[in-house]
Amino acid sequence: MKKSFLVIGLVFIIVGLIFLYLHLTLSKSSYIKGVIPIKAEGNYTISISYSSFVFEYKDNTSEPLQVIPVNSQIINTTYSNGIYYVFGKGFYNSQLLLKNNYTQGVLVGFVLINDSPIYVVYSLSLVFFIISLVAGIIIASLSFLFKGSDTEED
């Protein structure tokens, strides 16, 4: 019985490490973030490799930048607490063109999030890692509470 709990605990820990590896692997494809300066009356192009995306940005002006979809489609835009949100669909070779129509430069902080189901797996993989790791440690620790050897009857 002691050995069984130890093996089950180790299996949970290994499964947890697999979820951590999945989380770290997907983090590269789940979002892109950055800070970009755009000169007065200049523009900047961001490539989109997601079929469904959320583009969030905050800048140092009081008016929104002009966001022009290139081979993509903007479904909805919202504004909340100083952050602009652009929801859209991407296609092959999609881009967003950020156009600064103002006479001053703009510093833009942005996050481009993959809004496809893979993002849900990315979010849940970290939760499953923590749950599996804690459960594995608890179960493996229980094996050390049992007295005797593994040759005794369970």
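The values are calculated or read from the model by the stated rules, or taken from the named source; none is laboratory data. Source: prediction; values computed, not measured. Counting neighbours? That spans all protein chains shown, and the Cβs are built from the backbone with ideal geometry, glycine included. Accessible surface areas use protein heavy atoms only, side chains included; no ligands, DNA or RNA. Shrake-Rupley method; radii C 1.70, N 1.55, O 1.52, S 1.80 Å.
A quick yes/no check of all residues on (1) β-branched (Val, Ile, Thr); (2) on the phi > 0 side of the Ramachandran plot; (3) modelled with pLDDT of 85 or more:
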position	(1), (2), (3)
LYS89	no, no, yes
LEU96	no, no, yes
TYR102	no, no, no
GLY109	no, no, no
ILE113	yes, no, no
SER116	no, no, no
(request) Check off (1) in contact (Cβ under 8 Å) with a residue 60 or more places away in the chain; (2) closer than 30 Å to SER125 by Cβ for SER47 and give me the number that stays unchecked. (result) (1)
(message) For segment 86-122, which positions are open to solvent by less than 60 Å² (accessible area, probe 1.4 Å) and closer than 12 Å to VAL67 by Cβ?
(response) VAL86, GLY88, GLN95, LEU96, LEU97, LEU98, ASN100, VAL108, PHE110, LEU112
(message) For the list (1) without any contact (Cβ under 8 Å) to a residue 60 or more places away in the chain; (2) open to solvent by less than 30 Å² (accessible area, probe 1.4 Å), I need the number of the one condition that ILE83 fails.
(response) (2)
(request) Go through segment 60-80 residue by residue and tally those that are under 19 Å from LYS33 (Cβ atoms) and open to solvent by less than 50 Å² (accessible area, probe 1.4 Å). (result) 3
(message) I'm told PHE128 meets every condition in (1) among the hydrophobic types (A, V, I, L, M, F, W, C); (2) modelled with pLDDT under 90; (3) closer than 30 Å to GLU56 by Cα except one. Can you identify the failing condition by its number?
(response) (2)
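Within the group VAL7, VAL35, VAL15, VAL11, which residue is modelled with pLDDT of 85 or more and more than 27 Å from LEU142 (Cβ to Cβ)? Can you show your working first?
Numbers: VAL7 fails: more than 27 Å from LEU142 (Cβ to Cβ); VAL15 fails: more than 27 Å from LEU142 (Cβ to Cβ); VAL11 fails: more than 27 Å from LEU142 (Cβ to Cβ).
Matching residue, one of VAL7, VAL35, VAL15, VAL11: VAL35.
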(request) Determine if segment 12-23 includes at least one residue that is buried (at least 17 other Cβ atoms within 10 Å of the Cβ) and touching a strand residue (DSSP E or B) at 6+ places or on another chain (Cβ under 9 Å). (result) no
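Please work out which residue is modelled with the lowest pLDDT, limiting yourself to segment 38-73 and to residues that are of a type in the set (A, V, I, L, M) and closer than 14 Å to PHE110 by Cα.
Restricting attention to segment 38-73, the residues satisfying the condition of being of a type in the set (A, V, I, L, M) are 38, 40, 46, 48, 54, 65, 67-68, 70.
Keeping just the survivors that are closer than 14 Å to PHE110 by Cα gives 38, 46, 48, 54, 65, 67.
Details: ILE38: 87, ILE46: 87, ILE48: 85, VAL54: 86, LEU65: 82, VAL67: 88.
Once the filter is applied, the top-ranked residue is LEU65.
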(request) Please name all residue pairs, on different chains or six or more residues apart, with Cβ atoms under 9 Å, provided the first residue is in segment 119-144 and is farther than 30 Å from LYS3 by Cβ and touching a residue at least 40 places away in the same chain (Cβ under 8 Å) and the second residue is open to solvent by 70 Å² or more (accessible area, probe 1.4 Å) and among the acidic types (Asp, Glu). (result) none
